[in-house]
Every structure is written in structure tokens, then in C-alpha cells.
Amino acid sequence: MYNNKTNTLKRSLLRSELRVRIMKTVVVGLSGGVDSSVTAYLLKEQGYHVIGLFMKNWHDDSVTISDECPWLDDSNDAMLVANKLGIPFQTVDLSEEYKERIVNYMFKEYEMGRTPNPDVLCNREIKFDVFMKIALSLGADYVATGHYCQKETITKDGEEIHQLLAGADANKDQSYFLCQLSQEQLAKTLFPIGHLQKPEVREIALAQDLVTAGKKDSQGLCFIGKVRLPDFLQQQLRPKEGVIVEIPKEVVPQMIGEDVASNAFAKADLPQLAEKPVYSITDGKVVAKHQGAHYFTKGQRKGLAVGGTAEPLFVIETDVKENVIYTGQGKSHPGLYRKGLFVREEEIHWIREDLTLAVDETMEVEARIRYRQPLEKATLYRVEGGMYVIFDNPQTAIAEGQFVAWYDGASCLGSGVIS
């Protein structure tokens, strides 16, 4: 799919600069932001032969907010940084692959009433797969990105094992977004700024007079920008009027073992701990209408346009088949909380393959179900057909389609898609 792109890049880059064989070559994914800019600078200072590549993943500006992170401005900034550093620079168009692997995936997930995480998928499918293969075909020894995470290589039973570690800046740690990487991908990856704090990165960029030194961090979808999600989804998912139902707190089934440690449950308890409540319209009252249940996700507050309640309404469940949104008042509504979740067999991914659990084995870990969420104590229970993740404390807005990542201290051990 990308052979023609690779050949063109090879000819251009080889004409622009002869490779120095004694140096290790690193291809940096220059995004036009400060983090990747400093990544390229640090690698060059360390003696690497650095090549900058900008990934163009999207063409349609009609669904983005044009003055926030447009890809053209980012591409220009990346080129200016490469010129300043004196490194070769090219743009590679991966929009076809991005649409196929990420955008179409998003539409499908939302249509099924699930909540996808395109940033995790973008790393697994684009940056560290398609992009990495292009980089390696250009003769690169490594690919480097501006992620706030770290890599450590240990030896176990005579074999090298690569660990994905949290970034030193706890406020910027991005290990969750890389929770689907493999040993093969980590072996060829460098994270040069993972040991730094964000202000230190900006100081370096300022000292080197890089154009991105004061640039705001990008927001929104990976390499698309800040997106009007309803507009984006309406490209393929048509509006469909339905009702919003408010569910009283007392209707929600009582959670078993709410205050019990996650490692204290018997195997027979696990399905009930991970099971979500099922509601019907008769369980509550219709309070408003909406234009499509597939546009909403669990835990969502904005966009409901329902007033007159003592506390704000939150989405506690969506039924895309019947096109109904179920809501509850307040952040403490019991419909928002569950003790556990389930990951199907085919969706379990271990970064630390040497720690893979066998059926009926358990492991005490810390886990998170979304970016920036503090790690929570949990226990993994491996069963036939998949794995349960049971938390010590009930978690809010566990959403099917999102990723759960589990850790041992700073080391991300693996992850899975919530079923």
C-alpha cells in the first residue's frame, strides 16, 4: 500500500544527503509541535543521523476548527524546525491508511454504541505500524516520537525484554496511549523527552530558537485536530430522533461488594461484577428528545440540552438499537459506576509477554480506563474466553470500546478493549 510512497521518499532523501554509515539513523515523526521538535534536536545532539517525516493523515478541513491545529500549519512548522536543525525533511501522505484503519473504525464503533479511542489506535496502526515500516525501509535503525513515556530494556532468561514506562512528567504521561505497542515495535522506538518535564522541553526549544517553542499543544483526534464530533460522525451516521430518559437512583441494582478489595472475589462473582445494568423506558421518565443515541457516550454531560433538574444529567447508558439515551442526576448516580469489566480473549494484549496469565491465574495490578485517570488498584482474573479486571473501588463511566491498561508501578504491562 505504501511502496510507491517509500520509493519516492528514498530517492528524495538519498539525493539530499549521503547516509553516514557509522551513525545510527533515526526517523522522527515531526508533527509540528514542540515535543517532536525537541525530540529531533536531542537526537541530533546525541550524534544520530536524523530524518524528519511529517505524516499527513487528513484532508477534510470542513469538520475541523480551522484556526486550531490545521495540518497545513503543522506541516510548515515541522519544515521550519527541520531547516533550523539542518536535517532532511519530507511529508508522507498516509490519509488513505488513516481513513481505512482509524476513521472507518470510529464510525463503526459509534454506530454500535461503543466509545472508540482513536489516539490509541493511531499509535498502534499508523505511527508504529505504517509509519514505522516506511521509516525502516528508508534504512532507519529507530523511529522516535515526542511522547512523554520511557523505555527500559531488561534481560530475563537470556532474552531482552522492552518495558514501556510512564513519563517522568506525571501531568503529561502518555503511556496509556501506547498501551497497544508490541515488543517488536518497542525494540525500534526511542522516546527522547520521556525523562523531561514539559516546561524543560519548552525551555530547550526556546534556547534553540525553534518556531514551535511557544506553540500550544494540539487537541482533538490524532493528526486531524480539534473536531466537531457530531459534525464528524454525521458524515456517515445520520441523525435519528429518539428520547432521553431519566433513571432514578433507586432503580439501579445495588452493586455487590462495593467496599471489598478486588482480590477477594470468587470466580462465580466475576460476571456479575462486570455486568452493566439494563434499562427500559418504563424504568424512568422521558425528559427530552435527542438526534441520535450513537452520538453520545457514557459519562457525557454536555449536549443533552435538558434543564430544570436539581443536579446536571449524565449519560449512564445508551441503547442504539432502540435509540434511547438513559441519564441520571449528578456525578454520584449509581448508574455511572461499576466494579469491573471484561476483555475478550482476542482483545487481550500484553506488552510484557513474559507475564501473560494462564486460565485461572490472577495478578494484582494498578489500572486505568482513560487517559489522565489516576491508577487504581485492581486484580486481573484470567478465565476461558477472556479476562476480568476488577477494581478495589467502583469506576465511573466504564465504556465499551475504550481501552483498559494495567501497570506494575511505572511499567505498563498490557491492555485490552473493554467489552
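Okay, here's what the table says:
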| quantity | calculated |
| --- | --- |
| Protection proxy ranking of 331-339, 356-364, 265-273 - average other beta-carbon atoms within 10 Å, highest first | 331-339, 265-273, 356-364 |
| Cβ-Cβ FRET estimate between Lys24 and Glu364, R0 fixed at 41 Å, reported to 0.05 | 0.55 |
| Segments 145-154, 406-415, 103-112 sorted - mean Cβ within 10 Å per residue, highest first | 406-415, 145-154, 103-112 |
| Exceeding the 31 Å Cα-Cα cut-off - candidates Lys289/Lys331; Lys198/Lys377; Lys240/Lys276; Lys44/Lys215; Lys249/Lys321; Lys215/Lys339 | Lys215/Lys339 |
| Cα centroid separation, region 317-358 to region 269-285 (Å) | 12 |
| 5 angstrom amide H check on Glu317, placed H, neighbours 5+ away | Tyr326 |
| Derived scalar couplings ³J(HN,Hα) [region 93-108; Karplus, 6.51 cos²θ - 1.76 cosθ + 1.60; whole Hz; x for Gly, Pro] | 8, 10, 5, 5, 5, 5, 4, 5, 8, 10, 5, 5, 4, 4, 4, 5 |
| Net charge contributed by nearby residues that have their C-beta within less than 9 Å of Tyr142 (K/R +1, D/E -1) | +1 |
| Per-pair calculated FRET efficiency, R0 = 25 Å: Leu72 and Asp209 via Cβ, rounded to 0.05 | 0.65 |
| For region 285-419, with +1 on Lys and Arg beta carbons and -1 on Asp and Glu, the positive-most of Met387, Thr297, Gly409 along the dipole | Thr297 |
| Segments 292-300, 84-92 sorted - mean Cβ within 10 Å per residue, highest first | 292-300, 84-92 |
| In nm, spacing of pseudo-spin labels at Ser332 and Asp157 (7 Å Cα→C-beta vector) | 5.0 |
| The chain: angle of helix 3-16 to the longest principal axis, Cα-based, in degrees nearest 10 | 40 |
| Whole-number percent relative contact order across region 64-220, with pairs defined as alpha carbons under 8 Å at least 6 apart | 22 |
| Expected 222 nm ellipticity per residue - DSSP helices of 4 or more, -39500 (n - 2.57), all of the chain, to 500 | -6000 deg cm²/dmol |
| Theoretical FRET efficiency, 1/(1+(r/R0)^6), r = Cβ-Cβ of Lys321 and Glu184, R0 51 Å, to 0.05 | 0.80 |
| Label-zone membership for region 310-333, site Lys249, 7 angstrom Cα→C-beta point, backbone N under 18 Å | 310-317, 327-333 |
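Values in this text are rule-based calculations from the coordinates and carry no lab data. All figures in this text were calculated on a predicted structure; none of them were measured in a lab. Every residue, glycine as well, gets a Cβ built from its backbone with ideal geometry; the counts of neighbours run over all protein chains shown.
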